[in-house]
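Scroll down for the structure; my scribbles are underneath it.
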Amino acid sequence: MLNFRNAQVPILGFAAFSGTGKTTLLKKIIPLLRLNELSVGLIKHSHHSFEIDYPGKDSYELRRAGASPVMLSSSHRRAIITEHRVIREPTLAEELAYFDQTGLDLILVEGFKRERFPKIELHRPALGKPLLFPADDTIIAIATDAEPAVEPNIPRLDINDPEQITRFIYQEFLAHARV
């Protein structure tokens, strides 16, 4: 496996075009990984300007006044909101530097499909999008719901079988993963 800057535990991406079902699949895989007491973190790349806070809340108003970062903390969770001084796409290595990896066994990554780290490609031929794996040698498997246009020289998984994909993560990825 590839070593990746700022990764303290194995990282595995799920790469696909929008609308393929990355989040839907991850929502099924994460509980299956947790069944074996695996501690899983997640980094999701968004192509949009997003808000996790909203007008009228003290933290929102303090951030709008110029504070950055702003940390919200309670007995249940912590959130840190940092405004990027320069508007540009983040890199996975930069985000990993800020990601608390303490106690994690695995970090799953949704997105960052153009970066070089181990990924499972999700592909639905009916969507008419091209395959990523022929041009990306960091894709370690393809999960699809039909015959791909190009026969992969990597493991082919059933995108509709989260148990099979979870077994692949345990038996193939984690068994050979190195940070």
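The values are calculated or read from the model by the stated rules, or taken from the named source; none is laboratory data. Everything numeric here is computed off the predicted structure, so don't read it as measured data. Using ideal geometry, Cβ is built from the backbone for each residue, glycine included, and neighbour counts are taken over all protein chains shown.
Before moving on, here are some points about what is shown:
- Selection from region 86-96 of residues that are in contact with a strand residue (DSSP E or B) (Cβ under 7 Å, 6 or more places away or on another chain) and either charged (D, E, K, R) or over 17 Å from E110 (Cα atoms) (or both): E95
- Summed over region 97-126, residues that are modelled with pLDDT under 95 and among the aliphatic types (A, V, I, L, M) total 2.
- Lone qualifier among L38, L33, L42 - being modelled with pLDDT of 90 or more and buried (at least 17 other Cβ atoms within 10 Å of the Cβ): L33
- Test: residue in region 151-161 that is part of a helix (DSSP H, G or I), among the charged types (D, E, K, R) and within 16 Å of L33 (Cα to Cα): no
Results for (1) touching a strand residue (DSSP E or B) at 6+ places or on another chain (Cβ under 7 Å); (2) under 21 Å from V150 (Cα atoms); (3) without any contact (Cβ under 8 Å) to a residue 12 or more places away in the chain, shown as yes or no for each residue.
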residue	(1), (2), (3)
Y98	no, no, no
G103	no, no, no
V109	yes, no, no
K113	yes, yes, no
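- Candidate set: region 125-139, residues that are touching a residue at least 60 places away in the same chain (Cβ under 8 Å) and within 18 Å of F168 (Cβ to Cβ); chosen: the one surrounded by the fewest Cβ atoms within 10 Å (Cβ to Cβ): D136
- Evaluation of G111 against (1) crowded, with 17+ Cβ neighbours inside 10 Å; (2) farther than 14 Å from G13 by Cβ; (3) not hydrophobic (A, V, I, L, M, F, W, C) (one fails), failing number: (2)
- Residue check, L38 in a loop (DSSP other than H, G, I, E, B), in contact (Cβ under 8 Å) with a residue 60 or more places away in the chain and in contact with a strand residue (DSSP E or B) (Cβ under 7 Å, 6 or more places away or on another chain): yes
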